[in-house]
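Bear in mind these aren't lab numbers, they're just calculated from the coordinates by the rules spelled out. From a predicted model like this one, the values you see are computed outputs, not experimental measurements. For neighbour counting, all protein chains shown are included, and Cβ atoms are generated from backbone atoms with ideal geometry for every residue, glycine included.
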Amino acid sequence: MTDHDDELLDTGARPKGVWQACLRQPEIGLAILLFVVVVGCWEGAVRLFDIPKIVLPSPSAVGAALWLGLSTDFPHHFAVTFFETLGGFVLGAAGGLILGVLVGQSRLMERTVYPYIVAFQTLPKVAIAPIIVIWFGYGMSSKIVITATIAFFPLLANTIVGLRAAPQDQIELLVAFTASRWQVFRLARLPQALPYIFVGLDVAIVLSVIGAIVGEFVGAQAGLGYLILQKNFNMDMAGVFAILIVLSVMGIGLHLVVNAIQRRVVFWMDSSSDKVMGA
Amino acid sequence: MSNDLITVKGLEKTYRTREGTRIHALSNVDFAVREGEFVTVVGPSGCGKSTLLKILAGILRRSAGIVQMRGQGLEGPSREVGVVFQAPVLLPWRTVLENVMLPVEIQRRDRTRFREEALRYLKMVGLEGFADKYPNELSGGMQQRVGITRALVHDPSLLLMDEPFGALDAMTREMMNLELLRIWTESRKTALLVTHSIPEAVFLADRVIVMSPRPGRISEILEVDLPRPRTLEVINSPAFGRLVSAIRAHFQSLGTLDA
Ligand SMILES: Nc1ncnc2c1ncn2[C@@H]1O[C@H](COP(=O)(O)OP(=O)(O)O)[C@@H](O)[C@H]1O
Ligand SMILES: [Mg+2]
């Protein structure tokens with residue numbers, strides 16, 4: 001871009017329509033440009049150096065595999081993984097939320113229970129996945145349980161912290177107006193905790209996709225994780241890449257849904273000032 | 001006396017800090033507030049004004065002494081009390097009207113009836129048409145007016161205010177003082193207001209309770225016999241000046257002038 005273009009942007013006079021929008025938010029255009037350049041280089045490199053398909057498939061091969069998959073068996077496996085992800089997320093998040101509310105009621109309870117929860121959290125879930133598969137079988141239920149154990153902690157931790165976020169004078173004011181313990185919880189503590197709870201939900205939904213895939217890796221009869229193992233075994237690299245694309249679309253989609261709900265529920269918070277609590 | 005709304009006798013408060021030290025915040029506090037009276041409490045910061053107000057609001061336990069409301073011991077918060085803190089303390093996820101209705105909701109009073117009251121008070125404090133706005137759409141002064149409306153809505157007999165205009169600029173503050181007097185006159189409530197501004201204490205009060213620190217105690221109680229209704233002109237009257245300088249001289253003799 002030349003200096004002359006910059007002057008046009010500053011006065012805001014001449015650029016119109018799409019072109020103007022691109023100038024206002026250059027990151028959109030640049031992101032698309034980056035994508036095109038990277039994919040182009042990738043395609044070019046694979047063709048130029050004649051890289052074997054089983055090492056690195058070309059973008060066009062991945063695209064073809066994606067198209068083929070979507071019109072044959074992807075939808076079925078997608079549905080299985082999606083159901084496991086959502087089921088485990090709902091189960092784990094609800095469990096974390098409920099336990100967080102219970103534990104958050106008193107410091108004594110928190111100090112008694114928390115060490116066990118932390119011990120459970122430090123346990124790598126991948127390591128206990130085989131046990132869960134033995135207990136719950138090769139079907140969807142074992143994946144739902146594995147996912148739930150992963151989605152559980154972000155909700156628990158953020159709920160406990162969030163329930164403590166209500167400012168002291170807010171609580172004192174409600175008590176001065178004769179509010180009961182339950183009323184203080186309902187009118188101040190819970191709403192104050194919502195921004196934290198949504199941070200937990202956002203972390204949990206993304207981890208849930210991982211949970212479902214890990215579960216399928218250990219042993220499954222269907223699902224995108226199961227399909228990745230199969231295609232890997234058949235050295236169908238383009239197919240594996242195509243599934244990875246489907247998985248990330250699923251993850252991003254779920255993340256966006258959580259964010260959209262958050263903006264509606266926690267409407268009084270500026271999303272840019274969201275508090276970020278580690279998972 | 002039979003027309004005393006609040007009676008405080010031999011009130012003591014000692015805080016225990018986490019390190020185990022004790023802070024003697026209130027020592028042998030004695031006073032009474034008559035029904036319909038406007039009493040202000042003035043003193044330098046740290047002299048126990050907020051402690052006193054929180055004990056009267058029933059949200060802080062006293063260490064010793066008697067606190068009575070209409071001759072009955074006051075244990076815990078009362079439905080007959082409305083409180084205002086220094087910060088407006090509005091819930092950001094509730095509209096102005098929903099914030100004002102909090103005491104009604106908490107105390108399970110008749111919502112339709114008190115909704116009318118709420119709207120009437122909002123009009124009285126100049127916030128007509130703001131009922132459905134959210135707190136972050138209001139200025140600081142407007143937010144505090146919502147806080148005062150919230151303290152009035154359930155028709156309490158006693159209004160407790162802890163430096164309610166402390167965070168406002170001088171001009172808004174004068175205006176709010178006038179408005180407060182108007183509301184008090186119209187609603188015929190008993191009011192106890194804490195401040196560290198001597199002129200504010202004198203301007204509002206029937207009686208001024210002067211406190212001194214370490215330990216917090218009442219050093220004198222002054223009658224303010226300025227005529228009502230009061231306007232800002234009162235501030236320029238010799239009587240007003242005499243009262244203000246008397247209190248100021250008192251703090252100066254204690255070496256604690258910061259008001
Ligand atoms: N929760 C508390 N714990 C320990 N000390 C406190 C507490 N609250 C107030 N104090 C102390 O009690 C004294 C009176 O405080 P306060 O009532 O807030 O005074 P004021 O409102 O007049 O500024 C101060 O010395 C203060 O440090
Ligand atoms: Mg104070």
Q | Neighbour-count ranking [beta-carbon atoms within 10 angstrom, fewest first] of A:LEU34, B:LEU226 | A | A:LEU34, B:LEU226
Q | All lysines inside 19 Å of A:LYS125 as judged from Cα atoms, apart from same-chain residues fewer than 8 positions distant | A | A:LYS143
Q) With charges set only on the Cβ (+1 for Lys and Arg, -1 for Asp and Glu), what does the dipole of chain A come to about its Cα centre, in debye to the nearest 20? A) 980
Q.
Which order do the peptides B:228-235, B:76-83 come out in when sorted by mean C-beta neighbours inside 10 angstrom, highest first?
A. B:76-83, B:228-235
Q) If you take the charge dipole of the stretch A:63-274 about its Cα centre, with +1 on Lys and Arg Cβ and -1 on Asp and Glu Cβ, which of A:GLY162, A:LEU224, A:PRO130 is farthest toward its positive end? A) A:GLY162
(Q) Given bins 10 angstrom wide, list per bin the percent of all Cα-Cα distances in the stretch B:30-115, short to long. (A) 12, 39, 34, 14, 1
Q | Estimated vicinal HN-Hα couplings, Hz - the stretch B:210-225 in sequence order (Karplus 6.51, -1.76, 1.60; Gly, Pro = x) | A | 9, 10, 10, x, 6, x, x, 8, 7, 9, 6, 10, 10, 7, 10, 9
**Q.** Highest-first arrangement of B:162-175, B:207-220, A:249-262, where packing means the average Cβ count within 10 Å
**A.** B:207-220, B:162-175, A:249-262
(Q) Is the C-alpha gyration tensor of the stretch A:80-164 telling us rounded, prolate or oblate? Criteria: a/c under 1.5 is rounded; beyond that, a/b larger than b/c is prolate, otherwise oblate. (A) prolate
Q: Using only Cα positions of the stretch B:1-65, each an equal point scatterer, no hydration layer, compute I(q)/I(0) via Debye at q = 0.20 Å⁻¹ and quote the log10 values to two decimals.
A: -0.86
(Q) Please report Rg (one decimal) and Dmax (integer) in Å for the Cα set of the stretch A:63-274. (A) 20.2, 70
Q.
Using the crude model of +1 on Lys and Arg Cβ and -1 on Asp and Glu Cβ, and no other charge, please compute the dipole size for the protein assembly as shown relative to its Cα centre, in debye to 20.
A. 1640
Q: Please order A:HIS76, B:HIS250 by the number of other Cβ within 10 Å, starting at the fewest.
A: A:HIS76, B:HIS250
Q. What share of Cα pairs, in percent, lie more than 31 angstrom apart in chain B?
A. 25
**Q.** ³J(HN,Hα), Karplus 6.51/-1.76/1.60, whole Hz, each residue of the stretch B:66-77, x for Gly, Pro
**A.** 10, 10, 10, 10, 6, x, 9, x, 9, 10, x, x
Q.
If amide hydrogens are placed 1.01 Å from N in the peptide plane, which non-local residues have theirs closer than 5 Å to the one on B:LYS133?
A. B:VAL96, B:LEU97
Q: Rank B:GLN68, B:VAL81, B:PRO92 by how far each Cα sits towards the positive end of the charge dipole of the stretch B:51-129 (+1 on Lys, Arg Cβ; -1 on Asp, Glu Cβ) and give me just the farthest.
A: B:GLN68
Q. Other chains near A:173-186: what is the mean number of their Cβ atoms within 10 Å of each residue's Cβ?
A. 6
(Q) What would the Debye equation give as log₁₀ I(q)/I(0) for the stretch A:100-221 at q = 0.11, 0.17 Å⁻¹, counting only Cα atoms as equal point scatterers? (A) -0.49, -0.87
Q: Restricting things to alpha carbons, tell me how big the stretch A:141-196 is in terms of Rg and Dmax, in Å.
A: 15.4, 50
Q) Which entries in the list B:LYS9/B:LYS54; B:LYS123/B:LYS189; A:LYS53/A:LYS231; B:LYS13/B:LYS189; B:LYS54/B:LYS189 go over 21 Å, if you measure between the two C-alpha atoms of each? A) B:LYS13/B:LYS189
Q) What percentage of all Cα-Cα pairs in the stretch B:107-205 are separated by more than 16 Å? A) 57
**Q.** Gaussian network model of chain A, Cα within-10 Å springs - most flexible of A:ALA176, A:ALA94, A:ALA242
**A.** A:ALA176
Q. Using θ = phi - 60° and the Karplus curve 6.51 cos²θ - 1.76 cosθ + 1.60, what whole-Hz ³J(HN,Hα) does each residue of the stretch B:82-90 get, with Gly and Pro shown as x?
A. x, 10, 10, 9, 5, 8, x, 6, 9
Q.
Restricting to DSSP H runs of at least four residues, report the calculated mean residue ellipticity at 222 nm for the protein assembly as shown, -39500 (n - 2.57) per run over all residues, nearest 500 deg cm²/dmol.
A. -18500 deg cm²/dmol
Q: Take every residue in peptide B:83-93, count the Cβ atoms of other chains within 10 Å of its Cβ, and give the average of those counts.
A: 5
Q) Rounded to the nearest 5, what is the percent of antiparallel bridges among the DSSP beta bridges in the protein assembly as shown? A) 55
(Q) Using only the Cα atoms of the protein assembly as shown, what semi-axes does the equivalent ellipsoid have when each is the square root of 5 times a gyration tensor eigenvalue? Give whole Å, largest first. (A) 64, 30, 20
Q. When the Cα centres of the stretch B:162-198 and the stretch A:101-123 are compared, how far apart do they sit, in Å?
A. 46
**Q.** Neighbour-count ranking [beta-carbon atoms within 10 angstrom, fewest first] of A:CYS41, A:CYS22, B:CYS47
**A.** A:CYS41, A:CYS22, B:CYS47
Q: Would you mind checking the tilt of helix B:140-152 against the longest principal axis of the Cα atoms of chain B, expressed as 0 to 90 degrees and rounded to 10?
A: 90
Q.
Ranking request for peptides B:121-131, A:217-227: highest mean number of other beta-carbon atoms within 10 Å first, then the rest in descending order.
A. A:217-227, B:121-131
**Q.** Averaged over A:130-142, number of beta-carbon atoms from partner chains that fall within 10 Å
**A.** 0
Q | Cα principal axis extents for the stretch B:110-153, largest first, Å | A | 29, 17, 14
